[in-house]
Every structure is written in C-alpha cells, then in structure tokens.
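All remarks here apply to the structure that follows.
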Amino acid sequence: MGSKKKEIALQVNISTQELWEEMLSSKGLTVVDVYQGWCGPCKPVVSLFQKMRIEFGLDLLHFASAEADCLDVLEKYRGKCEPTFLFYAGGELVAVVKGANAPLLQKTILDQLEAEKKVLAEGRERKVVKDESLSDEEECLSHEKDDGEDEDVVSSEKTCTLAIIKPDAVVHGKTDEIIVKIQEAGFDILTHEERTMTEAEMQLFYQHRAGKEVFEKMVHHMCSGPSHLLILTRAEDTKDVVTAWRDLMGPCDPNVARREQPESLRAQYGTEMPFNAVHGSRDREDANRELALLFPSFKFSEEDIEAFQVSRKVHQICQHLQI
C-alpha cells in the first residue's frame, strides 16, 4: 500500500543523502524544487507539474522537492527567497531555473526531456551546466579563473542592468520617446522585449516590499498591461551602469523628481506613485537578481558587448558621412 502511494505522489521529498543519490540514479529527467523550511515547496507550479506528468507519464519525467537545510549538497541554496528548480539527468545538473516562472519551467522541461531522450536513444553527449547564480565568495573567485562560458555569465552581470518602461508610460504612448532619451544618454540596449508581467513574477520581483501597504498596488500595476524590458550597458563608462541608469531615472516619486531633477525621466513621464514611468535596479546585487528572474537565459560576454558597441559606432560614423 505504501509503495502505491509513493508511485502516484507528484513530488518525491528528498530528505536524506541516500534519497538524493537515488534521485541522481533515476532514468530520464528529474526536476528538483529546492525550498526553504520556512516557506515550503513552490505551490504555484504544482498544477503545471501535474499536467506534464499526465502528458509525459512516469518513465522519463520525475519531480522531487528538497529542503536546502536538510542536505549538505544544497548548502549554497540556504536562505534564498527565490524558488530554485534544478534539472538532473544521468546524475548531472543540466539546467537551472530561478523563480516560479511557469512558461519558462514548461519550456525547460520540454527542451531537457527531448535532449535526454536523444542521449538515451542515440548516445548523444549530455550538456552539463553549473549554477552560476550562487554568490558565495569561493564560487565567484573560481569563475574569475575559469575560461569560456562560465566567465561570460559573470562579466555580463558586471556590465549590464535592467530597465523597465512601466505600463503607465506604455499606455500613454511614451515608449519611443523614453528609448530615444536612453540612447541619447549614452546607454546601449542589448535586449528589448515587450511583455505583460504575471502576478507570480511581480510578487517575486517586489518580494523585498512584501508586507508593506504599497506591495499589492505595485504588483497590480505592473501586471495591468504590457511593459518594455530592456537590458542596458554603457560604452566607455565613467560610472557604473546601475548608478548611471538610476541617475537618468531620477527620484522614485515623480513629484520629488520634478522639484529636484526636472530633466529626469520620472519628472517628465511619471505622474504619481507607483505610476513613475520607469524602473531600475537599486544596486548591483539587485540588478543581478532581477536579470536572473526576468531574463534567465541571458548571457553576453564582454567581447559580445564590445562588438555591439563597435558596430553601433561604425553605423553612426557611416550615417554622419552620408549626410
């Protein structure tokens, strides 16, 4: 009777090293929800997991949960507020998803399941990854010494920040004007997407304000219509890109911005809180967290960014010569 319950359970709870090793030996793909004891496993994705289990069966797709404090192997995930999903196949880590992003989770499951089928059926090489979002000092030092893709992730975090043109500015048709001002201020736009945020995304995004009166209002506003999400960098930076973008935005309250920095974006395009037209990360750590949440697959090396900037300069010179 007990074994029957175990077979139909959606997620196997991994609470010991023995169960962890058993999970690693499972055939196919296993998605592990790493959670903190004070908040429990991520409930918003349960319906997605149920749907995918029905669709793909039990043979090659498995779901598990593991409390970070219970296993030494998960030590570096302890104390993290953001849900973390680790994808294992053949005992190896093959993908990581941060945040309760159901569309991204579904896509990653489908992609990794297809890849694992090819590994098992055709003997293809399994692509193994390392979780680059771990922020302990030892990990960061080792990334600086490594070559290749791992270094690309670190360098992209050092040179980029997130910018959001909020629904209030978008609905009033100010997106193009704001983008022009961003470019005129010396920023390069590496990525630009129009996207309507989900409530789950914004609850994670503003988790540092949870419990405050403004929290629900901010979440509701950011989900009320499309936003424009941009990843910014700066050529020949004289100041950190995060600081430069915050300076261009101006004070958070549009009324204060109009008094203190009338040329700032919030002074020109904001009305009242929380309708202040644009968002920017508070600091470097916040920029890394927000980029990981909203652009989990984003990877640009310093060489990529420099090539982009050189290309832009060449284009500007050519335009000037044609005038």
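The values are calculated or read from the model by the stated rules, or taken from the named source; none is laboratory data. Since the structure is predicted, the reported quantities are computational estimates derived from the model, not experimental observations. Here Cβ is always computed from backbone atoms with ideal geometry, including for glycine, and neighbour counts include all displayed protein chains. Surface accessibility is based on the protein's heavy atoms, side chains included, excluding ligands, DNA and RNA. Shrake-Rupley method; radii C 1.70, N 1.55, O 1.52, S 1.80 Å.
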Taking segment 239-253 and the residues there that are without any contact (Cβ under 8 Å) to a residue 24 or more places away in the chain and surrounded by fewer than 23 Cβ atoms within 10 Å (Cβ to Cβ), the one that is farthest from PHE215 (Cα to Cα) would be LYS239
Considering only segment 112-127, I want to know if a residue exists there that is among the basic types (Lys, Arg) and out of contact with any helix residue (DSSP H, G or I) (no Cβ under 8 Å at 6 or more places or on another chain).
yes
Output for segment 183-194, where each listed residue is touching a strand residue (DSSP E or B) at 6+ places or on another chain (Cβ under 7 Å) and either acidic (Asp, Glu) or at pLDDT 90 or above (or both)
ASP188, GLU193, GLU194
From (1) surrounded by fewer than 16 Cβ atoms within 10 Å (Cβ to Cβ); (2) modelled with pLDDT under 90, pick out the condition that doesn't hold for GLN11.
(1)
Looking at segment 181-194, I want the residues that are surrounded by 14 or more Cβ atoms within 10 Å (Cβ to Cβ) and have a partner that is of a type in the set (S, T, N, Q) and modelled with pLDDT of 85 or more with Cβ atoms under 8 Å, at least 6 apart or on another chain. Which pairs are those?
PHE187/THR233; ASP188/THR233; ILE189/GLN183; LEU190/THR233
Out of segment 245-285, which residues are in a loop (DSSP other than H, G, I, E, B) and among the basic types (Lys, Arg)?
ARG282
How many of the residues making up segment 190-214 are part of a loop (DSSP other than H, G, I, E, B) and within 14 Å of the chain's Cα centre (by Cα)?
3
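Here is a yes/no grid of residues against (1) modelled with pLDDT of 75 or more; (2) under 21 Å from the mean Cα position of the chain (by Cα); (3) not in a strand (DSSP E or B):
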position	(1), (2), (3)
GLU82	no, yes, yes
VAL96	yes, yes, no
GLU114	yes, no, yes
LYS117	yes, no, yes
ARG126	yes, no, yes
LEU134	no, yes, yes
Do you know which residues across segment 34-43 are open to solvent by less than 90 Å² (accessible area, probe 1.4 Å) and either in a helix (DSSP H, G or I) or of a type in the set (A, V, I, L, M, F, W, C) (or both)?
VAL34, CYS39, CYS42
Which of the following residues is more than 25 Å from LEU104 (Cβ to Cβ) and at pLDDT 85 or above: LEU19, LEU71, LEU24?
LEU19
Using beta carbons and a limit of 7 Å, which pairs, at least six apart or on different chains, have the first residue in segment 115-138 and under 16 Å from VAL97 (Cα atoms) and the second one loosely packed, with under 14 Cβ neighbours inside 10 Å and modelled with pLDDT of 90 or more?
VAL128/GLU92
